[in-house]
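Where a number appears in this text, it was derived from the coordinates with a stated rule and is not lab data. Since the structure is predicted, the reported quantities are computational estimates derived from the model, not experimental observations. Backbone-built Cβ (ideal geometry, glycine too); neighbour counts: all protein chains shown.
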Amino acid sequence: MRLALSCMFCGLLLLASARPLPALAGAPGGEQGQTWASVARLPDWQGIFELDWEHNPRLLGGGTPGPLTPAAQARYDAFLAAQKQGENLQTQDANCLPTGMPGIMTEPYPIEFLFNPGMVVMVIETFSQVRHVYTDGEKHPADPDPAFNGDSIGHWEGDTLVVDTVGVDTTTQMAPGVAHTDQMHIVERIRKLDKDHIQIERTITDPQILAKPWRVLLPYRRVKGHLREYICEQNNRDSADAQGRPGENIDAPKH
């Protein structure tokens, strides 16, 4: 059984409020995978992939968001100062709450991509999470209920799947030490490079946190095998209090 890790690279994401939602970048073009016959004509990168750390070590989780707004930068500087003083502050995933978007996509565990008519499903080993990307023409709700992974809709632009995500719970973080607001908006452009590699171009906007959009290229490589069960609560010895300070549970039962 794999033990749950508190990932330093995870950024948690933001949501859209009842105010007008941002428009999708680009427009649908080509097959949209509305039927099984249409799915068969899509660029096939189904399977299990993980972040390609070896060839792109600089992209460990996408780095630090930026540039930040002055207020957000001040909060981030305070976070870094606390770290330097020995306060190893952690995020709520130490308490087995899911990482949420966007960090769930850059954990050091694999992701399985599955195509279905009107939907692309991402099964993520970390925290046993599932993302549903609706490609049936559905729109975001006007006032989405906050969720760890937000509300995701998508469309195909030729060989690229464009995923638009809003409604990410604001209890999560964009990245360690960087919060987000209910204006956070994530666009992922996913395309196949070759049979064993895909790339996600991720752009995040949040006017109150980011001085300009944060864009990261994330490479993934195909891996063999199967996803494994991930039960963070079992033998969790790396909890955190309300201030993010770690609290080890040395008496946790062994299984």
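Order by neighbour count: 139, 84, 192, fewest other Cβ atoms within 10 Å first, most last. Intermediate results must be reported in sequence, preceding the final value.
Working: 139 11, 84 8, 192 16.
Lowest to highest Cβ neighbour count: 84, 139, 192.
Treating cross-link reach as a plain straight distance, find the lysines whose alpha-carbon is under 28 Å from the alpha-carbon of residue 212, omitting any fewer than eight places away in the same chain.
84, 139, 192
What ³J(HN,Hα) values, in whole Hz, does the Karplus curve 6.51 cos²θ - 1.76 cosθ + 1.60 give for the stretch 146-157 when θ = phi - 60°, with x put for Gly and Pro?
x, 9, 4, 9, x, 10, 10, 10, x, 7, 9, 10
Check residue 129: other-chain or 5+ apart residues with amide H under 5 Å from its amide H, H built from backbone geometry?
Placed amide hydrogens put 124 under 5 Å from residue 129.
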